[in-house]
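Have a look at the structure below before the remarks.
Readers should treat all values here as calculations from the given coordinates under stated rules, not as data from a laboratory. No experiment lies behind these values; they were computed from the predicted model shown. As a convention, Cβ positions derive from the backbone with ideal geometry for all residues, glycine included, and neighbour counts pool all protein chains shown.
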Amino acid sequence: MTIEVSRLTKRYGDVTAVRDLSFTVAPGVVTGFLGPNGAGKTTTMRMMTGLVSPTSGTATIGGRPYRKLARPSRTVGAVFDANAFHPGHTARDHLRVYAAMGGYPDSRVTHLLDLLGLAEAADRRIRGFSTGMRQRLNLATAMLGDPRVLLLDEPSNGLDPEGMSWLRGLLRRLADQGRTVLVSSHALSEIQQFVDDVVVIRRGELVAAGPWSRLAGPPLVLITTPDAADLAAALAAGPAAQVEAVSADRLRVRGLDAPSVADLAAARGLRIHELVTENASLEQLFLRLTTDQAATR
Amino acid sequence: MKLLVRAELRRLLATRMWSALLLAAAVLGGAMFGAMALVGPENFDPPMPGLDTETGLRAILGILGYTAFVPAAAGAIAATSEHRHHTAAVTFLFAPRRGRVLAAKLATYAVAGLAYGVVLAGSAGAALFTVAAARGISLGMPAGTVLALLARIGVAMMVYVLIGAGMGALIRNQVAALCVVIGYLYVGEPVLMMIPGVNALYPILPGGATAALTDFTYLADAMSDQLGSGTVPLLPPVVGGLVLSAYALTAAAIAVLIPMRRDVT
Ligand SMILES: Nc1ncnc2c1ncn2[C@@H]1O[C@H](COP(=O)(O)OP(=O)(O)OP(=O)(O)O)[C@@H](O)[C@H]1O
Ligand SMILES: [Mg+2]
């Protein structure tokens, strides 16, 4: 099921939160929806689900606007607010309310509590839940109807590294089952390890969309070595690597990944003390994309 | 619609407020009302006619009717809960037709309100007849009439849950809704009653309609005495009930129509 956003615009008084935005989200992959704070990600996702009415333009899921879906929770599971619970309800109470609303049996509630690792906390009041448990419960709620499409607004907020790797695994499995998975984030570093495609927006407008491998650009590796001069020469002689000397014992290499650098150094008998892959930040991505755009103009 | 009502029932029954509410009904009806009957209105300060007179019996039942702020507050709390806890977005994701969600809530609260009314009126009736038997008083009205009045008080409680819920759905902010509902019942309406001319409206105000539904004229009479105006006639009981329901439904209808397209953020 494909999500299609077409010329979407949302104005709040003088503020234009989303401006003439168009993109599609494909099934079977995890798509990252990236943009700095206030870029319009949440607003766009709320328009996809009919919670916010667009000023103009349309958003459809499998060809239909959200409000026209026969049983929306069967098609789309969405998570917005990390904290949308009655604090006095238990996890099971919360899920049972929405199971009733969607017409799903209690066995589905039990299954999801197990699947998301909440079985032990199931009968505790949500007021005492940690951020990670709340995020899991949000996901469980969204997955009640076994939807083909998942929309998650900043699901990585407040998750520890273990929670992140768990989330990565879950989203990967869901995408591999052929579902459409859209995950927003304001921090590229948080989701770049698990997105296949990205849609990048800024100030409500599209900056770039496409496979991350294409947009990410060549890898950037930082090397600390006592044999800087020799290694630089060896790398420069190799294929398509740009080498830059940062200091007497540090080099920055663009176009070769860390294993290739290490292998090359080993083959020449050169020493490496530290090898770090530099993750591109959203700012760097913007910088590159805008200079690329300027270059192709 | 059936699914939505089931969901709202589950939502309500899972909260502590629900058990607290039923407990309140039993305490107000059994304990408080029972204690009042045991002391006897003739020993109140100022003294009122005793339970063996019709006036005294009606007055003490009318006081029971004045506990309507409890179900009204409960209705307001229930109806504003989703706004307060930010679950409205989740609910509208599951049920994008927002009017139906609110209709399901009102249906659910009507059932809950009726349960409250049954417990309140039932425990009050039990207390009244027990006390009368124990004190050896023959009540100032036939048992059938007393039961009918109690039943009307029970129904009034249900309507007050809906009034509270309707106002809550309209105002959305929980504290504000509680202030408006309780403030009106306790301050707003008595003040309105002081204003000459406006007090002629009393019969169609919520308090007057409740008084009509429960045949409780004690307060209206006292007030007309004090103001030296002629007696303000109350509506017939059924009409009073309808007027009350109209308040609840109007608040709810406005609440349904206004936020239908409002952005949920
Ligand atoms: N209800 C609203 N009323 C007025 N302005 C709003 C409203 N909702 C969003 N905005 C504005 O629209 C813009 C986009 O906000 P939005 O929340 O969609 O951004 P975001 O990309 O999700 O940001 P973040 O990363 O901080 O969550 C912001 O300038 C915000 O101030
Ligand atoms: Mg946001």
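At q = 0.10, 0.17 Å⁻¹, what is the log10 ratio I(q)/I(0) for region B:2-260, with the Debye formula run over Cα points and no solvent?
So the normalised log intensities are -0.51, -1.26.
Shape call for region A:1-66 from the C-alpha gyration tensor, a ≥ b ≥ c root eigenvalues: rounded (a/c under 1.5), prolate (a/b greater than b/c) or oblate?
Verdict is oblate for region A:1-66.
Exposure proxy check: B:MET1, A:MET133, A:MET143, A:MET101 ranked by fewest other beta carbons within 10 Å?
B:MET1, A:MET133, A:MET143, A:MET101
Under the definition of Cα pairs under 8 Å and six or more residues apart, what whole-number percent is the relative contact order of chain B? Kindly include the intermediate steps, with their values, before the conclusion.
Numbers: 380 pairs, mean separation 68.5, N = 265.
Normalised by residue count, the contact order of chain B is 26 percent.
I'd like the antiparallel share, as a percent to the nearest 5, of DSSP beta bridges with both residues in the protein assembly as shown.
65 percent
Can you tell me the orientation of helix A:228-237 relative to chain A, as the angle in degrees between its alpha-carbon axis and the longest Cα principal axis, to the nearest 10?
That helix lies at roughly 80 degrees to the long axis.
Over the whole of A:50-60, what's the average partner chain Cβ count within 10 Å per residue? Rounded to a whole number, please.
2
Hey, what did region A:117-230 get for relative contact order, percent, Cα under 8 Å, at least 6 apart?
18 percent
What is the Cα convex hull volume of region B:64-105 when expressed per residue in Å³?
62 Å³
Can you give me the span-like helices of chain B, meaning DSSP H runs with 20 Å or more of Cα extent along the axis and Kyte-Doolittle mean at or above -0.5?
Both cut-offs are met by B:69-84, B:98-135, B:143-171, B:237-257.
Classify region A:220-279 as rounded, prolate or oblate from the Cα gyration tensor: take a ≥ b ≥ c as the square roots of its eigenvalues, call it rounded if a/c is under 1.5, otherwise prolate when a/b beats b/c and oblate if not.
Rounded.
Counting only DSSP beta bridges with both residues in chain A, what percent are antiparallel, rounded to the nearest 5?
65 percent
May I ask you to derive the FRET efficiency for A:ARG203 and A:ASN279 from their Cβ-Cβ distance with R0 = 22 Å, giving the value to the nearest 0.05? It would help to have the intermediate numbers written out before the result.
On the way: r = 24 Å, r/R0 = 1.08.
The computed FRET efficiency comes out at 0.40.
Report, in whole Å, the centroid distance computed from the Cα atoms of region A:102-117 and region B:153-174.
First find each Cα centre; the distance between them is then 33 Å.
Pairs of Cα atoms under 8 Å, at least six residues apart: use those to get the relative contact order of region A:3-211, whole percent.
In percent, rounded to a whole number, it is 33.
Using only the alpha-carbon atoms, how far is helix A:106-115 inclined from the longest principal axis of chain A? Give it as 0 to 90 degrees, nearest 10.
So the inclination is approximately 20 degrees.
Can you give me the distance in nm between label points at A:ASP146 and A:ARG271, each placed 7 Å from the Cα along the Cα-to-Cβ direction?
6.0 nm
Say each of B:ALA143 and B:ALA200 gets a label point 7 Å from the Cα, pointing the same way as Cα to Cβ; how far apart are those two points in nm?
4.6 nm
How many lysine pairs are close in the protein assembly as shown, with Cα atoms under 21 Å apart and the two 8 or more places apart or on different chains?
On the way: A:LYS10/A:LYS41; A:LYS10/A:LYS68; A:LYS68/B:LYS2; B:LYS2/B:LYS105.
Lysine pairs, 8 or more places apart or on different chains, close enough: 4.
Using only Cα atoms, tell me the angle between helix A:161-176 and the longest principal axis of chain A; keep it within 0 to 90° and round to the nearest 10.
70 degrees
Between A:LEU222 and B:VAL191, what FRET efficiency comes out of the Förster formula 1/(1 + (r/R0)^6) with R0 = 60 Å and r the beta carbon distance, rounded to 0.05?
0.20
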